[in-house]
């Protein structure tokens with residue numbers, strides 16, 4: 001099989017199905033066959049590729065090169081070469097090689113957070129791997145789908161593919177792919193706040209990996225066990241697991257893993273109050289990370305050092321570390337931002353050209369009008385000169401009129417240009433948001449329809465997929481409404497129809513409507529009846545309900561499972577207010593600075609199973625309240641939840 005042929009390319013190391021991709025603040029979770037990732041290994045892989053004597057051998061070597069690019073974080077290069085390898089494998093007619101490149105391509109899309117493309121790629125891979133009837137390939141594909149669905153926000157589908165992969169892995173010739181699936185399923189339960197179950201799965205994966213003796217796989221599972229122990233509150237055991245993993249990584253000279261494990265140990269030590277030891281680990285980690293040329297790793301290390309220095313009361317040093325973290329984060333985002341902006345420019349370049357042509361035509365028309373005006377005025381001036389001094393006053397008057405007309409024309413032109421530029425910026429911003437957020441549920445609908453078609457006789461599966469379709473269409477309706485409202489707010493056409501309404505009644509209805517959503521996510525959504533009924537307010541009931549839906553939905557999105565969201569109302573003369581309080585991660589200064597901007601660059605991390613936010617909800621909520629003479633206030637501290645308070649004038653005021 002293909003994975004055994006790939007072993008020939010790496011005589012110095014054993015490949016194993018193991019996790020490798022770091023996510024900030026989370027355990028690693030991938031399912032793949034991995035070579036060592038040093039510069040020498042990449043050079044050896046390229047040499048093997050260059051020395052291949054047949055197309056099939058060259059493609060097997062190219063798969064190893066692509067895998068190394070992904071491991072090293074060279075995602076753009078890896079994706080380009082994976083596409084080339086897939087086209088060549090199709091031309092060769094080798095389905096096993098097609099499966100290998102589809103898997104690598106799907107994982108690279110996952111690394112680039114393009115989950116719709118990752119999902120489409122893995123579904124094509126599943127079709128081919130099932131045709132080959134290779135349990136290793138089929139199980140690995142289910143694992144890739146599980147990881148993609150998990151980050152896609154479809155927890156039930158993720159669990160289904162993990163469990164299906166484990167069932168298929170039972171037929172594989174060894175336990176390597178099973179150990180990887182167990183590891184990924186453990187990550188799934190750890191992300192859901194179930195460290196005990198995660199520990200059981202990680203422990204079983206560790207036993208399997210110790211049986212075939214892959215040192216890196218063992219170290220990665222020890223790292224995950226450390227994460228689970230820390231989540232369960234057992235810091236001592238977490239340090240023991242992480243120290244064992246660090247010893248292995250140091251022996252293997254895996255620099256990225258060494259730096260990351262030092263950071264994780266520093267995080268545990270900081271929470272234990274052992275700040276000197278934490279900073280010692282961070283100093284070592286920064287030295288190692290300096291040899292990696294990875295802004296992502298440096299950003300995580302600087303952030304942890306800032307937290308440790310702040311805990312020790314060294315605020316100036318903590319601020320310097322925070323600035324280094326911001327600079328490293330900006331560098332890490334730079335490449336991805338440039339790639340996304342290039343894609344947007346290509347996609348909407350035609351519209352930009354049409355806008356430029358329209359502006360050019362408008363400019364030419366204005367120039368012609370001005371030229372005609374000047375010609376008429378020149379003739380008038382000549383007639384005035386012939387008429388003599390008697391016409392001097394008329395000439396001056398004509399010149400004054402000409403100058404005033406030119407100024408008005410200039411002002412009108414600049415105003416039109418500014419409006420066109422504003423409209424273009426709004427269009428670009430909304431299209432940028434829509435290009436990702438509408439693509440996600442549309443891809444999910446397509447994939448779900450395919451799953452229903454493959455299992456039409458399974459009522460449970462059909463019902464589960466139908467529920468997913470309903471959730472995706474509801475999300476698209478919300479997105480479209482937000483886009484239309486944002487556009488209406490931008491051009492000033494959004495109107496409200498105020499009337500005398502009971503604010504607590506509208507708030508209570510919103511809580512009742514969203515209670516099933518909170519229950520499904522294992523959250524507690526409470527309505528607290530005010531002790532004294534506040535006066536009525538004058539507002540648009542439908543738009544006010546939209547504000548409550550946005551605020552409560554936002555709280556549900558950023559609150560972990562088991563969290564609490566409380567909604568209440570009251571009076572603080574001359575205002576009647578409503579509050580939506582949660583005990584989620586809260587907001588820091590950076591989040592406050594961008595909280596009312598569409599698609600904020602800095603936002604609190606969503607709870608597990610949630611997708612990214614468009615950032616339009618809070619903008620629209622604030623504008624709707626402003627149109628009704630109200631205000632939206634925010635109170636929050638990092639780690640202490642957030643309170644969003646809407647205020648409307650009392651009708652008694």
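For region 224-247, give me each residue that is under 11 Å from residue 198 (Cβ atoms), in contact with a helix residue (DSSP H, G or I) (Cβ under 6 Å, 6 or more places away or on another chain) and in a helix (DSSP H, G or I).
As a first pass, look at region 224-247 and keep what is under 11 Å from residue 198 (Cβ atoms): 224-225, 227-229, 231-232.
Filter once more, keeping what is in contact with a helix residue (DSSP H, G or I) (Cβ under 6 Å, 6 or more places away or on another chain): 224-225, 228-229, 231-232.
Correct list: 224, 225, 228, 229, 231.
Might you check whether a residue that is touching a residue at least 12 places away in the same chain (Cβ under 8 Å), assigned by TED's automatic domain parsing to the domain that holds residue 636, within 18 Å of residue 651 (Cβ to Cβ) and assigned to a loop (DSSP other than H, G, I, E, B) occurs anywhere in region 545-562? No. Determine, yes or no, whether residue 292 is under 27 Å from the mean Cα position of the chain (by Cα) and closer than 24 Å to residue 232 by Cα. No: the conditions fail for residue 292.
For region 204-223, give me each residue that is over 13 Å from residue 245 (Cα atoms) and in a loop (DSSP other than H, G, I, E, B). Result: 213, single match.
Test of understanding: among 289, 278, which residue is under 17 Å from residue 250 (Cα atoms) and surrounded by 16 or more Cβ atoms within 10 Å (Cβ to Cβ)? Quick ask: steps written out before the conclusion?
On the way: 278 fails: under 17 Å from residue 250 (Cα atoms).
Just one listed residue meets the conditions, 289.
Does at least one position in region 119-128 carry a residue that is surrounded by fewer than 16 Cβ atoms within 10 Å (Cβ to Cβ) and under 22 Å from residue 150 (Cβ atoms)? Scanning region 119-128 turns up at least one residue that is surrounded by fewer than 16 Cβ atoms within 10 Å (Cβ to Cβ) and under 22 Å from residue 150 (Cβ atoms).
Taking residues in region 622-649 that are within 14 Å of residue 548 (Cα to Cα) and in the same structural domain as residue 550 (by TED's automatic domain parsing), and partners anywhere that are surrounded by fewer than 20 Cβ atoms within 10 Å (Cβ to Cβ) and modelled with pLDDT under 85, the pairs with Cβ atoms closer than 6 Å and at least 6 places apart or on different chains are 622/596; 623/489. With respect to residue 43, is the statement that it is under 23 Å from residue 294 (Cβ atoms) and in a helix (DSSP H, G or I) true? Answer is yes for this residue.
The values are calculated or read from the model by the stated rules, or taken from the named source; none is laboratory data. Everything quoted here is computed from the prediction, not taken from an experiment. A quick note on method: Cβ atoms are made from the backbone with ideal geometry, for glycine too, and the neighbour counts reach across all protein chains shown.
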